[in-house]
Amino acid sequence: MASYDEEDQLKPLLQIHGRDGQQVQTPRASRIAVVCILFCELCERLTYYSIIANLLIFLQNHLGFDSNSALTGTLVFSGTVYFTPMFGGWLADSVIGRYNTLYLSGLIYAVGCALLPTVAFDYEQLGVQLDQTAARAFYITGLVLIACGTGGIKSNVSTFGAFQVADLGQREIQRFFTWFYWFINIGSGLAFAFVAYIQQEVSFFAGYLIPAVSILLAISLLLLPRPCMTHEAKPSGSPLGQLFKVMGNAISSQSNSIYSLPSWLDYAQISNGGRYPEDLVRGTKQVLILIPLMLPFIGFWCIYNQMQSTYLLQAERMDLSIGTFRLPAASLSLFNSLAIILVTPLLDLVIFPLIRRFAAVTKISLLKRIGLGFALAIVSVVIAGFLEIQRKSELNRSGGFEQELSGRTYNASNLNILLQIPQFFLIGTGEVFAASTGMELVYNNCPDQLKSVTMGVYLAMNGLGSYLGSLLVAIVGAATTADPWLPEDINTGHLEYFCFLLAGVATAFLLLFLPLSRWYDRAYQRTLMRDSDVATATYTQYGSNDENLRSSGSVTLVTGDFRKA
């Protein structure tokens, strides 16, 4: 029996599948395709974060929404953006494939982006005025199209990119997800460093033209390398529908069976009297044990989405000046991106290789990395709460000063905005451990035909986190009318209480994650190790050398040993 490579701590159980005659691209072609996909993601994230960076300010100062409505609108938009990937995943897996979904979504995205500068344009210089109701309608329509477009891209671009290097081994997949998240944050960093400044200090019209051009560049980066890309077989029917059919057949077969099987889903197997083959039943098991593990991510994303909402409300009322230069209020999100840009290479090039080298002494599982990411996010929002206490204390002592921001004047504290750096940096570091690791876990542990849909479900947790934040705003607003936590002017409110409430909610989700991770570990082993003899036989047949595996046919990664990551 072949032994696993000791250095590769994520060596998966492998199963050989054909690709319906599809010729696998050479390693060089695969890497060209991956580079283009990474830069495509950079441009798309530059587009999205250019829109979300100052969304709250534009809703307040240009469309006339009050602070709570603008806060709710920002959270609902960011939530919807991460909820639509479920539909994008279904469209890719069931109807038109990942590449076509990416291209179609990009076109919808571009139309939405084109509407934003038309709303932000200064029509008074032409002697006309855009009615506020019409402006709101055009702007919201643009946001809806953007949410639909980014949903189709987000659910497929990571899985499509990983698909390009699937035949190069598990190490390449892990590296792809690590660098994929790095490119995301290069794009967001550019948005917060430059585009947010242009929107605040020059004009929103110019600031919205940049994302409109950026999304067109992203579409071009999908079209140009198409001959170098490996495309999956044409979808045939809905794999999500098949999943529900397997579950239904398992329930009906179990009631008529005289046997006692290890899992209720085993009753759907043909060999046990059901109607479905073993690999489809196994894939259904993999998806169902993943979904509960995704739920605690709601708490992480609830805090993450404060960067463009409550953290921005706090920044508006702090000193934005650095000498004679004035920072954009949204610019501190740059330190979230910088944390990822700095920490990601450190982990990939230094920390993880050392862990692999001394694996017998030190092991950091994927699940432990996710838990650490949750904890860092919680510390971030606690720091934000204590900073708010200090900000208001200084404001009460000094009286503050008037600060104009995008056409509106705020009474700001003399505390400098740079004091927000720790809370943004901690969320960024938490992302490296929680979000990118979660992507890797989902990709490696679900069947190939359900990867996009499952990734869509994972991304929907971000949307639910935003919706939860919006719900908490509404609940707090209704429950604190006598002494508001979030009034129109937060200088007279208690934003710090809201931050501590968020920390408590996220802690509850972390405490839920701990037993779920242990349950997942046991369920994972029970479900997949039953198939290890088949996988080991296949692995032994083709040898332990990755080149032998590639020459024998395409490789579908069934799962990885997440405990050894």
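The values are calculated or read from the model by the stated rules, or taken from the named source; none is laboratory data. Bear in mind that the values here come from a model prediction, so they are computed numbers and not experimental data. Note that we place each Cβ from the backbone using ideal geometry, even for glycine, and neighbour counts take in every protein chain shown. The area values use the complete protein model at the heavy-atom level, side chains included, leaving out ligands, DNA and RNA. Shrake-Rupley method; radii C 1.70, N 1.55, O 1.52, S 1.80 Å.
Residues in the range 110-125 carry Karplus couplings, in order, of 5, 4, x, 5, 5, 6, 5, x, 5, 7, 7, 5, 7, 6, 5, 5 Hz; the curve used is 6.51 cos²θ - 1.76 cosθ + 1.60 with θ = phi - 60°, and Gly or Pro positions show x.
Backbone phi angles across the range 422-429, fed through the Karplus curve with coefficients 6.51, -1.76 and 1.60 (θ = phi - 60°), yield HN-Hα couplings of x, 5, 6, 5, 5, 5, x, 5 Hz in residue order; Gly and Pro are listed as x. Give me the percent relative contact order of the range 249-338, please, defined on Cα pairs under 8 angstrom at least 6 residues apart. About 15 percent, as a whole number.
A straight line joining the Cα centroids of the range 133-182 and the range 238-277 runs 34 Å. Ordering Phe297, Phe205 by accessible surface, largest first, gives Phe205, Phe297; the 1.4 Å probe counts only protein heavy atoms, with every chain in place.
Mind checking the full-extension length gain between Thr480 and Arg31? Use 0.36 nm per residue of separation minus the Cα-Cα distance, one decimal, nm.
Details: separation 449, 0.36 × 449 = 161.64 nm, distance 5.51 nm.
Working it through step by step, the gained length comes to 156.1 nm.
Surface composition of the range 242-331: carbon plus sulfur atoms hold 59% of the accessible area, using a 1.4 angstrom probe and ignoring ligands, DNA and RNA.
Could you work out the relative contact order of the range 406-535, using alpha carbon pairs under 8 angstrom and six or more residues apart, expressed as a whole percent? Each step should come with its number before you reach the end.
Values: 29 pairs, mean separation 10.7, N = 130.
Answer for the range 406-535 is 8 percent.
Of the accessible area of the range 365-426, computed with a 1.4 Å probe over protein heavy atoms only, carbon and sulfur atoms account for 63 percent. Estimated at 0.36 nm per residue, the fully extended path between Lys245 and Ile351 surpasses their Cα-Cα distance by 33.8 nm.
Accessible area per residue for the range 26-237, computed on protein heavy atoms with a 1.4 Å probe, is 35 Å². For the range 26-237, relative contact order (Cα pairs under 8 Å, six or more residues apart, normalised by length) works out to 43 percent. Close amide H contacts of Leu405 (hydrogens built in the peptide plane, cut-off under 5 Å, sequence separation of 5 or more or a different chain): Tyr410.
Let's test the formula: R0 of 25 Å, r as the Cβ-Cβ distance of Lys368 and Leu501. What FRET efficiency results, to the nearest 0.05? Intermediate values should be presented prior to the final figure.
Details: r = 27 Å, r/R0 = 1.08.
About 0.40, to the nearest 0.05.
Roll a 1.4 Å probe over the protein chains and send me the accessible area per residue for the range 301-413 in Å². Result: 39 Å² of accessible area for each residue. Averaging Cα coordinates gives a centre for the range 419-457 and one for the range 319-338; these two points are 26 Å apart.
For Ile96 and Ile258, the difference between the fully extended length at 0.36 nm per residue and the C-alpha to C-alpha distance is 54.1 nm. Between Thr141 and Ser220, the simple spin-label model (points 7 angstrom out along Cα→Cβ) gives 2.8 nm.
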